[in-house]
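The values are calculated or read from the model by the stated rules, or taken from the named source; none is laboratory data. As the structure is a computational prediction, the values presented were derived from the model and not from experiment. Because the Cβ atoms are built from the backbone with ideal geometry, glycine has one as well, and the counts that use them run over all protein chains shown. To get the accessible areas, we keep the full protein, side chains included, count just its heavy atoms, and leave off ligands, DNA and RNA. Shrake-Rupley method; radii C 1.70, N 1.55, O 1.52, S 1.80 Å.
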Amino acid sequence: MPFVLVLLWLVLKFPAVALEWAHQPSTGEKVVTLAPEIALYWPAGASLPYRQARLFVDEAEVSGDCLKTGMFISYKPSKPLQRGVHKVRVEVGDYTQSWDFEVIGSSFIKGCVFTAPFKPRAFDKIVVEMKGRNMGKAWVELTGFPEKYKMLEERGSYKAIVKIPAKLAGKSCRVEVFLEKEGDLDRQLCEGTLTIAAPDLTIRWDSPENGSTVDKVLIARGVTVPEATVELHVHTFFRDGVDFGKLPPDTHPKVKADAEGRFHYEYKFPPGYPRLAVTIIGVARDSFENTSQPAGLLLYLKTSGGLPPLKVKTPVLDAPPGSP
């Protein structure tokens, strides 16, 4: 039997005592690049089920992103690796080989810091600052979120203002800066953890101001949790308590909040009536069918002429949508 086949048989039969197959990075190697190519080369003349080979980096399988041939299996990280030691494991047939290497990276970044509001919420803004080698390409990432936020530079000082995305509400993350120059990349985690408060299922009316006088056509604007449905109860009435005619019945429209939780509703007073007012009461409903407390808005139609001032008590704004 040829020597190569004998050696291969011994390797497959006794993997625990077999010599390591050629691989990169080599065992214990310190690499500068944050995205090194990771590869294991099959012994010459080996007949292995290489298409079923599996490769793990830090216990996470990346086989689906590997290049597999009759000579080797290789993997190029799509995202930069963290500095530190990384473990690799390859499984092919009955054979398993493991090794580790260390990413030391390039030293472009001298330090970074971020500032955030007290108890930050989604859509609040944080300021990220970094000191590093000048004339580089820099950006910020919030760990666990794919968006990249460009940093602007002034003589080696980089800065970005980041709006906290809604998807991070109720979660914690780290703030990480990246600096790329001349094909090399450095990355650094800022000290501290950013903990975003969970959204409260409430409604806040922004405009017009509650109790204000408005035109015949108005747009009521408010804020609630992102993507919530806002159910409204709209009641038009004569503000003096004196009926000058028959008004349209109450309506119960629904509006949808956008990705930042903002919503609006257009209302038109019925024409031909004096001294009108309207209450718009909203309840927010999220995707889990949770509902908020009612939030009301009382508005008065502008009057013309010398009508006497209002002398009657206005209604209490606590009726839920659908109430008579």
### Summary
If we ask which residues in segment 194-213 are under 17 Å from Ala166 (Cα atoms) and part of a loop (DSSP other than H, G, I, E, B), their number turns out to be 8
### Query
Which residues, counting only those in segment 275-313, are loosely packed, with under 13 Cβ neighbours inside 10 Å and modelled with pLDDT of 75 or more?
Ser287, Phe288, Glu289, Asn290, Gln293, Lys302
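Of the residues in segment 219-236, how many are open to solvent by less than 10 Å² (accessible area, probe 1.4 Å) and either aliphatic (A, V, I, L, M) or within 28 Å of the chain's Cα centre (by Cα) (or both)?
Number satisfying all stated conditions: 6.
Table: residues versus (1) without any contact (Cβ under 8 Å) to a residue 12 or more places away in the chain; (2) more than 20 Å from Leu185 (Cβ to Cβ); (3) surrounded by fewer than 17 Cβ atoms within 10 Å (Cβ to Cβ).
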site: Ala116; (1), (2), (3): no, yes, no
site: Gly136; (1), (2), (3): no, no, no
site: Leu142; (1), (2), (3): no, no, no
site: Gly156; (1), (2), (3): no, no, yes
site: Lys159; (1), (2), (3): no, no, yes
site: Ala166; (1), (2), (3): no, yes, no
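Quick check on my filter: what residues within segment 51-60 are open to solvent by 20 Å² or more (accessible area, probe 1.4 Å) and either more than 14 Å from Ser78 (Cβ to Cβ) or at pLDDT 95 or above (or both)?
Arg51, Gln52, Arg54, Asp58, Glu59
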### Summary
Checked segment 253-267 for anything within 18 Å of Leu218 (Cβ to Cβ), open to solvent by 40 Å² or more (accessible area, probe 1.4 Å) and modelled with pLDDT of 95 or more; matches are His264, Glu266
### Query
Which one is nearest to Asp124 (Cα to Cα) among residues in segment 214-244 that are among the small types (Gly, Ala, Ser) and assigned to a strand (DSSP E or B)?
Gly222
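Can you report the number of residues in segment 204-234 which are hydrophobic (A, V, I, L, M, F, W, C) and touching a Pro at 6+ places or on another chain (Cβ under 8 Å)?
The total comes to 6.
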